[in-house]
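Below is one structure, written out as C-alpha cells, with a few remarks after it.
The values are calculated or read from the model by the stated rules, or taken from the named source; none is laboratory data. Model, not experiment: these values are computed from the prediction. We place every Cβ from the backbone using ideal geometry, glycine too, and count neighbours over all the protein chains shown. Side chains are part of the model used for accessible areas, which takes the heavy atoms of the whole protein and leaves out ligands, DNA and RNA. Shrake-Rupley method; radii C 1.70, N 1.55, O 1.52, S 1.80 Å.
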There are 4 protein chains.
Amino acid sequence: MLRTGSALGVAVIGHSFMGKAHSQAWRNVNATYDSTLVSMRVLVGSNPTSTAESAAKYGWEESSTDWRATILREDIDIVDICTPGALHAEIALFALAHGKHVVVEKPLANTLAEAEEMNAAALAAAERGVISMVGFNYRRIPALTMAQRMLAEGRLGQLRQLNIRYYQDWLVDDSAPMTWRLRKDEAGSGALGDLASHAVDQLRFLTGAQISSASATSRTFVTERAGDSGPEQVSVDDAIWATLELDNGAIATVEASRMATGRKNSLRIEVYGSQGSLEFDLESMNFLKLYEASHDAGEQGFKSIMVTEPEHPYLDGWWPTGHVLGWAESFTHEIRDFLAAIVSGIPASPSFADGLAVQRVLAGIEDSATQSGARVKVAGAN
Amino acid sequence: MLRTGSALGVAVIGHSFMGKAHSQAWRNVNATYDSTLVSMRVLVGSNPTSTAESAAKYGWEESSTDWRATILREDIDIVDICTPGALHAEIALFALAHGKHVVVEKPLANTLAEAEEMNAAALAAAERGVISMVGFNYRRIPALTMAQRMLAEGRLGQLRQLNIRYYQDWLVDDSAPMTWRLRKDEAGSGALGDLASHAVDQLRFLTGAQISSASATSRTFVTERAGDSGPEQVSVDDAIWATLELDNGAIATVEASRMATGRKNSLRIEVYGSQGSLEFDLESMNFLKLYEASHDAGEQGFKSIMVTEPEHPYLDGWWPTGHVLGWAESFTHEIRDFLAAIVSGIPASPSFADGLAVQRVLAGIEDSATQSGARVKVAGAN
Amino acid sequence: MLRTGSALGVAVIGHSFMGKAHSQAWRNVNATYDSTLVSMRVLVGSNPTSTAESAAKYGWEESSTDWRATILREDIDIVDICTPGALHAEIALFALAHGKHVVVEKPLANTLAEAEEMNAAALAAAERGVISMVGFNYRRIPALTMAQRMLAEGRLGQLRQLNIRYYQDWLVDDSAPMTWRLRKDEAGSGALGDLASHAVDQLRFLTGAQISSASATSRTFVTERAGDSGPEQVSVDDAIWATLELDNGAIATVEASRMATGRKNSLRIEVYGSQGSLEFDLESMNFLKLYEASHDAGEQGFKSIMVTEPEHPYLDGWWPTGHVLGWAESFTHEIRDFLAAIVSGIPASPSFADGLAVQRVLAGIEDSATQSGARVKVAGAN
Amino acid sequence: MLRTGSALGVAVIGHSFMGKAHSQAWRNVNATYDSTLVSMRVLVGSNPTSTAESAAKYGWEESSTDWRATILREDIDIVDICTPGALHAEIALFALAHGKHVVVEKPLANTLAEAEEMNAAALAAAERGVISMVGFNYRRIPALTMAQRMLAEGRLGQLRQLNIRYYQDWLVDDSAPMTWRLRKDEAGSGALGDLASHAVDQLRFLTGAQISSASATSRTFVTERAGDSGPEQVSVDDAIWATLELDNGAIATVEASRMATGRKNSLRIEVYGSQGSLEFDLESMNFLKLYEASHDAGEQGFKSIMVTEPEHPYLDGWWPTGHVLGWAESFTHEIRDFLAAIVSGIPASPSFADGLAVQRVLAGIEDSATQSGARVKVAGAN
C-alpha cells in the first residue's frame, strides 16, 4: 500500500460538470485503489450558496469563493482546476508558483501563448518536485490504455492509417438557442477545442508519434441562433475535418462534430497497421476490437475483447470478471495515476507539454481550414 | 430536496464483493441524487483487522465485528446485509425486530422456510413503518427500468415469449479448484440460486405476471474438482434450463450457466409481444433494443436506444447526454430508491415477498429437474 | 474438371418457393463450379399453364404435369422433389425404384412411417449405385460448414451446451387468416416440422452426436383464425421449446417460433465447449463468431470471421475476397455436392437416414410436449 | 409481363471477374423478374480457348475473340462491356455508332477525354432510341436504393455531413508482388479509380447534389514491390482521403484504401441530416440503419432495418420475407433496370453523364492531392 503519513489535502476549483465528475473521482479513489490517502478539503466556486450546496453534496469539508486563498492554505497539497478554459492559465501558474501539485482539465488553455507559459511553469516547478498533469481522461479508459500498450509493443506492425472522430449531436436542432460556447471570444473554438482536442490527444497517445502537418476544413452549419436580444451570429465551428501527417509515415483523419445526428458521445477510433487493426467506440467503452493478420488464413476477423478482466488496465481496483465500467471511472483512474506520480516523484502523463502539443495541432488545423485546406506544418513538429 | 433533519445512520454487514459495491453506493448517493442525507457509520465484518482496513478504504466512520451490537446502536437507522446467504435470515429478523430499516442482498435466503419467516417479519415491521427491501439491483439498470415501464404501459401488446438467460464462464476450466460455492450444503445451489435468481426476478419484474409452473433440466458438467485433500464431489448445478408458464399466457425460458465459454457476465433478455419486442444484454447495459410492429412496413427493425439521456430512469443524477454508466451504478440507484421509500413511508420494491416469490420459482425449477423435466406447479401461484 | 460424357438430365417436381430456389441452383451450378454438366429438362407441376410459365422463366426445356411419366423418361437421371411433404414418399419411392438419383426437400416426409420406408428404399437403391439426399440446405451455408469442420477437429474441446433456435414472425398478427399450414392433417405440425427440423439437423450435423432424449413444451398462441367459412381452429403449434440430451454429454436447447416479433429468418446457433465457443445467425449468414479459450488472458473475445474468403468452404466458385453471398447460394452448394456424389459414387449427405433421424427427434419433442415436459427417449438413440 | 416479341440478343465483352458476374445476372434476370426475354448469344474474350470454356460454363450460346464482328451481328441488341477500362471507350463508341444498347462497367473510362467523348456519343445515340448505362451496381443494393428514396423524400431533413469510405485490405502485405493494377500507365490510378469511384457515385446518387470542390490527400505506403525483373516502383495511390463540398451545403468525406487491414470489402456510408441519419456497410448489405430525430425523446436510436421484405426495392423478384441476398444480386437488379429502360425507352440511370461526373470529381481529388490539399473546384460544377 502506497499510503504513508498524512492524507494529501485537495482543492477542486469549479463545481459544474467537470467539478462534479472530478469530485466523484476524489471521493472514490481511496476505496478503489491503494492510493495515497486524500482529504477532500475545499470546493471552490464563484457563487457562495451554490458552491456550498455542491460541497455538501459532493463530500467536501468546506467551500470557498476565493481560489487564491484556498491555494495558499497550508493543508492544500493538490489543486484540481475544473473552471472554464479562460481561467486555466492564471490559476495553474499561481498554484505551481506556490508549489502545489496541479491537475488541469483539458484543453490546457484557451490560447497557445497561455499554454506555452503554463508548460514553462510546469517544467520549472518539476525541478522543485511539483507534479502537474492535464486531464485527458480518455487515456484512462481501460480499452484505450490497453490499445496504447499493444501499439507500443508494435503489435500492429507499421502504422499506416488512423481514423479518430468525436461525434456528438447536441446542436442538431437549429432552433436551439445561442450559448457562450458558440461565441469565439468566450469559447475559443467550437467542436475543434472541445472534441477534436480529445481526438488529437488520443492520436498522440496511441501512436507515440508527432503530428507533422494538417490539411483541414471546418464548417458552421447553423450560422445564426436565437440570442437574448434577437438573432446572434455563431462564431465557432460546428464541425471540423482534418487529414494529418504523422512523423512515423502514417496518415490520420480527425473529425469532430456537434451535429452528427444520433451520435450521443461517440469517440470512435480505428487504427490500421501492417500486422493488424484496432477499433473502439466510447459509446461501447468496455470493448476493444482487435484484428490480427497473423491468425490463420480463414480465421481472421475482428475480435471483440471485453475489457473488464483482471488482466486489463485499472480493473484490479473494481469488480470481478465481466462487470462493466462507466464513463466516470476514467476520472478515478486519472486521479489514481496522478497520486502515484506525486508519491513516486515520477512526472505525470499527459504533461502540460502534451497539452501544449495538442493545442499546436489544433492551431494547425484551424490555420489550414482558413486557407481552404492547404497543408500547414504544425508548430514544433520535426 | 428531500433532505430534512439529521442524516440517517447506516451500517453495512459484510465487506467482500457486495459489501464493497454497496459501500460505493452509500458513498455516492448523496452526491448523485437529492436524497436524504446518510452517514456511513459502521462497517461490520468477522475479521477485525481486515474489516477495519475496509472501513477506512470505503469511507466508513467505524468498523465492528459485532453485528448485533451495531444494529442496536441508536445512531443506526438502516441495516444493509451483504453477508453470505446463510446469515441473511438471522440478521434481518434481528434488525426488523429492533425497528431498523433493512436492505438485504439477493437471494433473500438460503431456504424457503427462512424466506417465509423473513417475509412475515417484514410485513409485521411494515405496520410499524419499517422499510425492507431485497437487493435485486438489475431492476435499477436504466435500460431494464425503462423496459419495465414500456411493458407496464402495454407497449408490446400481449406478451407471448420471453428468453432470459444469465451466462458466465468462470467454471469452464475443469482444473479450477473446489470452492464452497460448489458445495450444496454451503451454497444451497449453483447457477440456479446465484444467476437464475436474477433471471427469475427480471421475469417477474418485467412482466408483472405470476410464474405458474416449471419444466426444467439441470446439469453438472464437471462432477469432481480438486479439493484441499484430494478430489471432491461437486454437489451443485453448473447450469440449468427451464421453460416456465406465466399466468398471462406467455412462455418464458430461463437459463443459467457458469460454463458458457466467453460469456463474462451476460444477462440477456428478450421479450416478444404481439406488438413488438425488446432485447437487452448486461454486457452492453447502456443499450435497449426495441422493435415496434407499428412502424411502417419496410421500416421495421430493432432500434438500439442508448439509455443515457435525461429522459431515462435514474439518469438525472449523473452526466450530460451520452455518458455511459457502469454496473456499479445500479446500486446507487437502488439505495436512492430505498431512501425514498424510507422518507415517503411507501413500501420499497422489490419486497421480501418478491424475494420469497423468486425462491418458490427456483424451488419449482429444482423439483422439475429432479423429476426429469416433468412440469411442476410453483408454490403460491394461481 | 469433373465433366465427362453427356450432361445429366434433371427434373424438378414442384415449382413454388422451393422449386424456384432449386431451379436457380440447377441453372447456376455449372457456371459456379466445375461440376458434371446438367441439362435442365423438365419442370413438373399440377397446373399446366402456370407450370409452363415457370419452366420458361426458370430456364427449363419443358414442363409437365405428369411426374411419373417424367421420371420414367430415359433422359432424366436426377429427380429433385420440391412438392409439399405429403407427396415426398410416393415420388421418392417411385424414382428410386426406377433407378433415378433423388434429392428431396426437407423434411424427409410427413410421417415417421413414410420416412422409415424411404430410408429403406434409399439403402436398397444405394446398392445399385443410386444416390439419394435430403435437402437440409443450411449445412451448405459456408459459415456453418466451417463450424462443423472446426467442431469435427475438436477445436472447441468437450461440448457442453448448445442453443439452436429458429425464429420467424409471420404469424404475429392474430388477424392473419387461416392457411393449410395451420392444419395438422395437412401440415403435420407447425413450427416443429417447418423450423425445428432445421435446428435439429444442425444439431446433429454440428456435433456428430446422437440426440438421446427430449423434454419439451409447445404452444399455440392464436388458437383460432379466420377461415373461408368463419373462425377455424388452429391445430398446429406456433412455437416449441425443447431441452435435449446428447450422447456426448452435452445439453442442447432447440426452439422454434413463428411468433417471434421482429425475427424475420433468424436461425441462431451457439455452441459452448470447454475450449471455446461459436455463434451464428442466419440473418448475418456471412459471419461466424469464434471464441477461443487458448488466446492470451486479456485478449479473449468473440472474433467475427467474415466467411467470404478463398479458404472458406464453397467460396472457390464465387467472387474475390469479401463479396458476400446470399441465402439462395446454399442450394447451389447443395446441388454441387449432390452432383459430386453421383460422379464419385460416394453416398451423399445428409442421407435419408439423417432425414429419418431428425424426424425421430421431432417425434420425441412432440411426445414430451403432450406429456407436460416429461423427458422422452428418442427412438433409435443409444 | 413486359415480355413481347422475340428475345433481345446479348453479347458480353470480357470474361474475367466482371464478365462472370454479369453473366450470372443475364442468366438469372428472366427467372427473377418479368423482364424482356434475353438470349445469351456471345461471350467475347481475347483467348479463344479460355473464352470458349467460360462461355460453356456461364451459359452462352457462342464465344468469340472478335468484338467488332460480334457487335455487328444482327442478332445482337445489347453490348455489355466488362473489359479493362482502357478498352471501354473504343468498344462503347463502336457499339453506340452501330445502334446497339450499351452497358459499360465502371469506371466509365480511364481518362476524362474518353469519358467526354463517350458521353457525347451516348447523348447522340439516345436521340435514335439507343440506351446506355454505366454499371455502378451498388445503386442496386436494396438497402442503398431504399436509402436514396428516403433521402429524395427529404426524410433526413437538411443534409449536413456524409462519410463514405471504401476500405479493402488486399495490399496490406508489403511482400505482395507488383501487378498491372499498381502501374499508373495501365491502371490510371489506384484506390482512387477502383474504389473511390463507387464512393463518389454513391455520394451523387444518395444526395442528388453536385460536388463543388475537393481537398484531398493521397498516399502510397508501399512504394516498391517485387516485379518480374527485380524491384519496381508502385506508381498509383494505396489510399486517398478527400473532403468534398456539395452544392447543397453539405460536407462529405470520401476515403478509399487497399491497406485497411481487416476490411475485406467495406463500403461504409453515413449520412447525417437535420432530421435523422442513415448508416450502411456493404459487408452487412442486407441491413440499413436509420435514426429519426422525430421519435419520442428517450426512444431515439439507430434502427437496424433488414432490407429483405416485399416492401423493399428489388425484393419482389426473390424469396419470402427474411431471406438475405448476396453481392452478386446487385447485377441482376442492374440488368433488370437496364432492360426496363430499353423496353420503355426511358433513359437508363446512371447515365454516361453520371459516369463522366464521377470522373471529374476523381480528377479534382487527384489535383488537390498533388497540391498538398488545397481546395480544387470540380470541373462542370456550379
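Based on what the data block shows, is residue A:280 open to solvent by 10 Å² or more (accessible area, probe 1.4 Å) and closer than 30 Å to residue A:320 by Cα?
Judged against the criteria, residue A:280 is not a match.
Looking only at residues that are farther than 18 Å from residue B:23 by Cα and open to solvent by 60 Å² or more (accessible area, probe 1.4 Å) in segment B:74-94, which one is farthest from the chain's Cα centre (by Cα)?
Checked segment B:74-94; the qualifying residue farthest from the chain's Cα centre (by Cα) is B:74.
Restricting attention to segment B:285-323, which residues are within 12 Å of chain A (Cβ to nearest Cβ) and in contact with a strand residue (DSSP E or B) (Cβ under 8 Å, 6 or more places away or on another chain)?
B:286, B:287, B:303, B:304, B:305, B:306, B:307, B:322 - these are the residues of segment B:285-323 that are within 12 Å of chain A (Cβ to nearest Cβ) and in contact with a strand residue (DSSP E or B) (Cβ under 8 Å, 6 or more places away or on another chain).
Tell me, which residue of segment A:185-219 that is among the small types (Gly, Ala, Ser) and in a helix (DSSP H, G or I) is farthest from residue A:370 (Cα to Cα)?
Once the filter is applied, the top-ranked residue is A:199.
Would you confirm whether or not segment C:141-150 contains a residue that is of a type in the set (Gly, Ala, Ser) and within 14 Å of chain B (Cβ to nearest Cβ)?
No, every residue in segment C:141-150 fails to be of a type in the set (Gly, Ala, Ser) and within 14 Å of chain B (Cβ to nearest Cβ).
Condition first: within 14 Å of chain A (Cβ to nearest Cβ) and surrounded by fewer than 21 Cβ atoms within 10 Å (Cβ to Cβ). Can you find one or more residues in segment B:230-249 that meet it?
no
Do you know which residues across segment A:220-253 are within 23 Å of residue A:373 (Cβ to Cβ) and modelled with pLDDT under 95?
none
Among the residues of segment C:23-54, count how many are among the hydrophobic types (A, V, I, L, M, F, W, C) and farther than 26 Å from residue C:136 by Cβ.
Residues flagged as among the hydrophobic types (A, V, I, L, M, F, W, C) and farther than 26 Å from residue C:136 by Cβ within segment C:23-54 amount to 1.
Does residue C:274 count as among the small types (Gly, Ala, Ser), at the interface with chain D (Cβ under 10 Å from one of its Cβ atoms) and open to solvent by 10 Å² or more (accessible area, probe 1.4 Å)?
The answer is no for residue C:274.
Name the strands (runs of 3 or more DSSP E) wholly inside segment C:274-382 in which the number of residues that are out of contact with any Lys or Arg (no Cβ under 9 Å at 6 or more places or on another chain) and at pLDDT below 95 is 2 or more.
none
Among the residues of segment B:151-158, are any part of a helix (DSSP H, G or I), of a type outside the set (Ser, Thr, Tyr) and within 14 Å of chain C (Cβ to nearest Cβ)?
Looking for residues that are part of a helix (DSSP H, G or I), of a type outside the set (Ser, Thr, Tyr) and within 14 Å of chain C (Cβ to nearest Cβ), one finds at least one in segment B:151-158, hence yes.
Failed condition for residue A:128, given (1) open to solvent by 50 Å² or more (accessible area, probe 1.4 Å); (2) touching a helix residue (DSSP H, G or I) at 6+ places or on another chain (Cβ under 8 Å); (3) of a type outside the set (Val, Ile, Thr); (4) modelled with pLDDT of 95 or more, with all others met?
Failed condition: (2).
Yes/no per residue for (1) within 22 Å of residue D:315 (Cβ to Cβ); (2) touching a residue at least 24 places away in the same chain (Cβ under 8 Å):
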| residue | (1), (2) |
| --- | --- |
| D:21 | yes, yes |
| D:35 | yes, yes |
| D:46 | no, no |
| D:49 | no, no |
| D:70 | no, yes |
| D:73 | no, yes |
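Do we have residue C:279 as over 24 Å from the mean Cα position of the chain (by Cα), of a type in the set (D, E, K, R) and within 11 Å of another protein chain (Cβ to nearest Cβ) here?
no
Residue under question is residue A:179, and the condition is that it be at pLDDT below 95 and assigned by TED's automatic domain parsing to the domain that holds residue A:254; does it hold?
Yes.
Return a yes/no flag: does segment A:255-262 have any residue that is hydrophobic (A, V, I, L, M, F, W, C), at pLDDT 95 or above, assigned to a strand (DSSP E or B) and open to solvent by less than 10 Å² (accessible area, probe 1.4 Å).
Yes, segment A:255-262 has at least one match.
So for segment B:126-134 (the condition being more than 11 Å from every other protein chain (Cβ to nearest Cβ), over 25 Å from residue B:285 (Cβ atoms) and part of a helix (DSSP H, G or I)), does at least one residue qualify?
Scanning segment B:126-134 turns up at least one residue that is more than 11 Å from every other protein chain (Cβ to nearest Cβ), over 25 Å from residue B:285 (Cβ atoms) and part of a helix (DSSP H, G or I).
Give the residues of segment C:31-73 that are modelled with pLDDT of 95 or more, crowded, with 19+ Cβ neighbours inside 10 Å, more than 20 Å from residue D:32 (Cα to Cα) and among the hydroxyl-bearing types (Ser, Thr, Tyr), sorted by residue number.
Listed by number, the residues that qualify are C:33, C:64, C:70.
Yes or no: segment A:359-377 includes at least one residue that is more than 28 Å from residue A:214 (Cα to Cα) and in contact with a Pro (Cβ under 8 Å, 6 or more places away or on another chain).
Looking through segment A:359-377, none of the residues is more than 28 Å from residue A:214 (Cα to Cα) and in contact with a Pro (Cβ under 8 Å, 6 or more places away or on another chain).
Residues checked against (1) of a type outside the set (Lys, Arg); (2) open to solvent by less than 20 Å² (accessible area, probe 1.4 Å); (3) under 19 Å from residue D:378 (Cα atoms); (4) touching a strand residue (DSSP E or B) at 6+ places or on another chain (Cβ under 8 Å):
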residue: D:197; (1), (2), (3), (4): yes, yes, yes, no
residue: D:200; (1), (2), (3), (4): yes, yes, yes, yes
residue: D:204; (1), (2), (3), (4): no, no, yes, yes
residue: D:213; (1), (2), (3), (4): yes, yes, yes, yes
residue: D:224; (1), (2), (3), (4): yes, no, no, yes
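With respect to residue B:102, is the statement that it is without any contact (Cβ under 8 Å) to a residue 40 or more places away in the chain, closer than 19 Å to residue B:73 by Cβ and buried (at least 23 other Cβ atoms within 10 Å of the Cβ) true?
Judged against the criteria, residue B:102 is a match.
Consider residue B:341 carefully, then state whether it is facing another protein chain (nearest Cβ under 9 Å) and within 30 Å of residue B:12 (Cα to Cα).
So residue B:341 fails the test.
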